[in-house]
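J.: Dropping the structure in here first, questions after.
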Amino acid sequence: GRASVCIDRDGAAYCALYGGSGLQGETIFVFSGSFNDPVLEWRRRPNPVPFYPFEADLDGIQIRSDRTTDLLYLVYTVKPDRYQGQIHIVRSADAGVSWSAPTVLSGNLCNTAQVTIGPAGELYVVWEDYEQREIIGRKSIDHGESFGPPFALGSINDNVSFGPPEWHDRSRANILENVQCMDFPAFLGVAVDTTSGSRRGTVYGVWAEHASGTVDPSPTNTVIESEPNNNFLQANTIAIGDDFSGKMVGTEEDTDCDWFAFEGTAGTTIQVSASVGYCPLEAPCRQLPLGFLLFCGTSETLVS
């Protein structure tokens with residue numbers, strides 16, 4: 001996965017893909033290809049991206065050819081942690097024989113960069129900014145040698161509600177560094193109108209997001225679970241339709257069991273949805289497996 005291709009004006013193909021190399025770390029490799037009829041022959045180009053530690057991740061790869069100038073652009077995200085990421089760009093003026101040093105374009109909570117070219121050769125790099133909750137772009141009018149200030153292409157709805165209420169509060173943006181159960185927009189696509197029409201030069205973006213945006217559990221029907229409630233006799237009482245949220249306190253992640261009791265009607269289908277994350281103080285949060293067991297009974301002392 002994580003590959004991108006483009007074709008230059010002479011018909012040469014370029015493929016950029018994520019990979020690793022022995023003990024050196026993670027990187028992006030670039031190959032060029034041309035037809036020696038009827039075979040498309042691929043050749044490894046000098047590596048445009050430095051090696052990063054294996055603990056890091058490279059994502060959001062896109063390679064693009066400017067068919068007017070024959071410049072190659074490669075954008076990608078460097079992610080030292082799951083929800084941290086910087087947008088980087090490198091460029092080549094000699095068909096991938098040599099590459100510029102990476103230029104950092106964004107802050108530290110970004111991903112899914114896309115690169116596109118305007119009708120006058122303007123270069124746009126656009127990405128998702130999780131801290132600003134916006135699709136952010138930067139424009140270059142000198143073929144990627146420098147970039148103007150960030151601009152917002154559009155605001156985005158995310159879902160940060162699978163935790164204590166108000167985790168989505170923008171004033172508490174530092175929470176973003178620790179929450180591991182967020183669901184952000186995806187599949188960003190960007191294009192520029194290069195026609196001679198009235199909208200020439202207009203930048204367009206498309207992405208998938210939560211239609212309702214962030215929805216915290218309602219304070220009128222939210223049950224905050226408490227520890228310890230590690231057996232059914234100590235279960236928190238809830239009603240069908242309630243949201244509930246909370247955190248483990250002084251328990252081990254592989255032995256914690258949270259109990260909730262409710263009354264229902266025989267034959268009724270009940271749907272349960274939840275998300276769980278483990279956030280020790282001394283380490284980044286991480287997503288954990290979550291399982292459900294449903295016990296039915298007719299009293300507090302009879303569970304089957």
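J.: First select every other residue whose beta carbon is under 14 angstrom from the beta carbon of Val30; then total the charges, Lys and Arg +1, Asp and Glu -1. Before the final figure, lay out each step's value.
T.: Working: positive: Arg2, Arg43, Arg44, Arg45, Arg64, Arg91; negative: Asp8, Asp94.
Summing Lys and Arg as +1 and Asp and Glu as -1 gives +4.
J.: Find out how many positive minus negative residues lie around Asp94, taking Lys and Arg as positive, Asp and Glu as negative, among other residues whose Cβ is under 11 Å from that of Asp94. Don't jump to the answer; show the numbers that get you there.
T.: Numbers: positive: Arg45, Arg91; negative: Asp70.
Combined, the nearby Lys, Arg, Asp and Glu give +1.
J.: Also, quick follow-up: What percentages make up the Cα-Cα pair-distance distribution of the stretch 1-118 when the bins are 10 Å wide from 0?
T.: 14, 47, 30, 9, 1
J.: Let me know the whole percent of all Cα-Cα pairs from the stretch 46-95 that are separated by more than 14 Å. Each step should come with its number before you reach the end.
T.: Working: 652 of 1225 pairs.
That fraction is 53 percent.
J.: Can you work out ³J(HN,Hα) from phi for every residue in the stretch 21-26, in order, using Karplus 6.51 cos²θ - 1.76 cosθ + 1.60 and θ = phi - 60°, giving whole Hz and x for Gly and Pro?
T.: 9, x, 8, 7, x, 8
J.: Sticking with the crude label model, points 7 Å out along Cα→Cβ, report the distance from Gln24 to Thr194 in nm, one decimal please.
T.: My value for the distance between the label points is 3.3 nm.
J.: Any number yet on Rg/Rh for the stretch 63-141, C-alpha, Kirkwood? Mind showing how you got there, number by number?
T.: On the way: Rg = 12.9 Å, Rh = 13.0 Å.
Ratio of gyration radius to Kirkwood radius for the stretch 63-141: 0.99.
J.: Report, to the nearest whole %, how much of the accessible area of the stretch 102-149 belongs to carbon and sulfur atoms, 1.4 Å probe, protein only. Spell out each step's value before the answer.
T.: Details: 760 of 1710 Å².
Reported share for carbon and sulfur atoms: 44 percent.
J.: Turning to a different aspect of this structure: Quick one: Cα convex hull volume of the stretch 17-84, Å³ per residue?
T.: 111
The values are calculated or read from the model by the stated rules, or taken from the named source; none is laboratory data. Remember, predicted model here, so these are calculated numbers, not experimental data. Virtual Cβ from ideal backbone geometry, glycine too; neighbours counted across all protein chains shown. Ligands, DNA and RNA are excluded from the accessible area calculation, which covers all protein heavy atoms including side chains. Shrake-Rupley method; radii C 1.70, N 1.55, O 1.52, S 1.80 Å.
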